[in-house]
Amino acid sequence: MENLVNILNAWIWSPVLVYLCLGAGLFFSILTRFVQVRHFKEMLRLLFHRQSSEEGISSFQALSVALSGRVGMGNIAGVAAAIGFGGPGAVFWMWMVAFLGASTAYVESTLAQIYKESDRGQYRGGPAYYLEKFLGSKAYGVVFALAAIVACGLFLPGVQANGVVNAVAMVFGEGDLVNTSFGSIGTNRLVGTGVILVILGLIIFGGIKRIAKVAEVAVPFMALGYIIMALLIVFINIEQVPTLVGMIFGDAFTAQAGFGAAIGWGVKRGVYSNEAGQGTGPHAAAAAEVAHPAQQGLVQAFSVYVDTLFVCSATAFMILITGQYNIQGTLEAGQFLVQNVAADTVINGPAFTQMAVSSVFGSFGNVFVAIAVFFFAFTTILAYYYIAETNVAYLTRTLRSESALFWIKVIIMIAVAYGSINSAGYIWAIGDIGVGLMAWLNIVGILIVFFIGKPTIKALRDYEAQQKAGVSQFTFDPKKLGIKNATFWEDRLKNK
């Protein structure tokens, strides 16, 4: 099974997808005239709009839910893996995919708003919805929905849960070993798994409103605390910053692990972390109550900056400035191009980050990173659940089956339990398959949508025209813009 997973992973994450992610970001950046730069001030203004409704959550809550999905193990363990396999230059490519990916996030999130629906008392939308409504192909929407359910309901939660229990084990130890059908498992690992499952169940059975309320408190708190810790470590080692920056930019093109490795790992972990183009962020974007679709597109573009340019950079600087990392060689297993820490240190995990903080703050470092991992990973599991639920709702919207929504809750809790007690490398590989499948389907889909009708460009121009006119209340008329099948917005205008 593990060999099959590795083969699928290598095929899905071929260089074609790596360059497709970068290419799509560059393409949308040029066509939107670098919306991620021109409207930066507007992004900040929109962040704090807290207007919600009975059906929709506020823009800030939607941002928090999307960030809870973007800010996860990819920001701690994923950055460590990018450095460990691709060298310091991989960090540069993570920055590049974030900068360019912000425009992709604008496009996919604006599409989610344009083609969202009101379903069972709440707004729902995402790639399955906009691919069906715009392309008129339910088959494409169904394929994406199935991929999202398998990825976010089965594959990806295990990655996050595995990181949580590994961090707990590094702080408290494994505890007494207990023989199970999965092998010998430490009691501390089992207790950690149980705690995660109980809290997860209490939240997800409360729906998107409860998830949003938890996310809008937990996400800003955890991200700010993590960045402050990184700034303290950088300040203590401030004299090393010029050398560090030079190493990142220099190795981006002449990487110790090879030019291809730096790009490959930087882009792969960048896409995994910030999720731009992956098709996950649009689900939360569609749930927001906004006056114009472009508003939520701009907010979600900013979330990519928060994830990679702030949080991922915090991890990278902590690891690199303290020298707590190895770089795996490409010739032989166990051979290192750079070895600063023990050879048996797990690269695909939070170990490098924990060692970096501990090198400055002692044993507190392990505890701090364990707490950060818990919040990062746990809130990501919440986001994954919501994505899986939304796609189950898409597949069953004509049946309005409540039992299907119940079973996806049960399935994701089983996936979390399974991921908690299995090896990190295997679980990461499964997660990569899920990310890759969704990225392929979504990026190809939004490119087709763009070439056929350009609805996101029309929405952006309309929003900019209303900005220039100084309107007091933004409106969105899809028919006037030549955008078809945006039934939610058509009905809203009729009701007004």
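Candidates Ile238, Ile227, Ile196: the one that is of a type in the set (A, V, I, L, M, F, W, C) and free of Cβ contacts under 8 Å to residues at least 40 places away in the same chain is Ile238. Pull up region 362-383, narrow it to residues that are over 20 Å from the mean Cα position of the chain (by Cα) and part of a helix (DSSP H, G or I), then point me to the one that is surrounded by the most Cβ atoms within 10 Å (Cβ to Cβ). If we take residues in region 362-383 being over 20 Å from the mean Cα position of the chain (by Cα) and part of a helix (DSSP H, G or I), then Gly365 is surrounded by the most Cβ atoms within 10 Å (Cβ to Cβ). Being over 18 Å from Gln36 (Cα atoms) and either among the aliphatic types (A, V, I, L, M) or in contact (Cβ under 8 Å) with a residue 40 or more places away in the chain (or both) is the filter here, so list the residues in region 455-477 that pass it. Gln466, Ala469, Val471, Gln473, Phe474, Thr475, Phe476, listed by residue number.
On the stretch given as region 10-38, residues that are aliphatic (A, V, I, L, M) and in contact (Cβ under 8 Å) with a residue 12 or more places away in the chain total 9. Return yes or no: is Glu132 surrounded by fewer than 24 Cβ atoms within 10 Å (Cβ to Cβ), touching a strand residue (DSSP E or B) at 6+ places or on another chain (Cβ under 6 Å) and at pLDDT 85 or above? No; evaluated as a whole, the condition is false for this residue. Filtered by the rule that a residue be modelled with pLDDT of 90 or more and among the hydroxyl-bearing types (Ser, Thr, Tyr), region 427-474 gives Thr456, Tyr463. Within region 86-116, being touching a strand residue (DSSP E or B) at 6+ places or on another chain (Cβ under 9 Å) and at pLDDT below 85 holds for Gly86, Gly87, Pro88. Taken over region 437-496, the residue count meeting the criterion of being aromatic (Phe, Trp, Tyr), outside any loop (DSSP other than H, G, I, E, B) and either surrounded by 14 or more Cβ atoms within 10 Å (Cβ to Cβ) or within 24 Å of the chain's Cα centre (by Cα) (or both) is 5.
Do we have any residue at all in region 218-229 that's crowded, with 16+ Cβ neighbours inside 10 Å, more than 30 Å from Phe48 (Cα to Cα) and over 20 Å from the mean Cα position of the chain (by Cα)? No: region 218-229 contains no residue that is crowded, with 16+ Cβ neighbours inside 10 Å, more than 30 Å from Phe48 (Cα to Cα) and over 20 Å from the mean Cα position of the chain (by Cα).
Here is a yes/no grid of residues against (1) assigned to a helix (DSSP H, G or I); (2) touching a Cys at 6+ places or on another chain (Cβ under 6 Å); (3) modelled with pLDDT under 75; (4) closer than 29 Å to Ile196 by Cβ:
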residue: Thr308; (1), (2), (3), (4): yes, no, no, yes
residue: Ala314; (1), (2), (3), (4): yes, no, no, yes
residue: Ile321; (1), (2), (3), (4): yes, no, no, no
residue: Val346; (1), (2), (3), (4): no, no, yes, yes
residue: Gln354; (1), (2), (3), (4): yes, no, no, yes
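Among the conditions (1) farther than 16 Å from Gln324 by Cα; (2) at pLDDT 80 or above; (3) over 16 Å from the mean Cα position of the chain (by Cα); (4) of a type in the set (S, T, N, Q), the only one that Ser359 does not satisfy is (1).
Within region 397-422, if we keep just the residues that are surrounded by 14 or more Cβ atoms within 10 Å (Cβ to Cβ) and outside any helix (DSSP H, G or I), the residue that is modelled with the highest pLDDT turns out to be Arg397.
State which residue is surrounded by the most Cβ atoms within 10 Å (Cβ to Cβ) when the search covers only region 297-329 and only residues that are within 18 Å of Val107 (Cα to Cα) and among the β-branched types (Val, Ile, Thr).
Restricting to residues being within 18 Å of Val107 (Cα to Cα) and among the β-branched types (Val, Ile, Thr), the top hit is Val304.
For region 20-42, the tally of residues that are modelled with pLDDT under 90 and in contact with a Phe, Trp or Tyr (Cβ under 6 Å, 6 or more places away or on another chain) stands at 0.
The values are calculated or read from the model by the stated rules, or taken from the named source; none is laboratory data. Everything numeric here is computed off the predicted structure, so don't read it as measured data. Backbone-built Cβ (ideal geometry, glycine too); neighbour counts: all protein chains shown.
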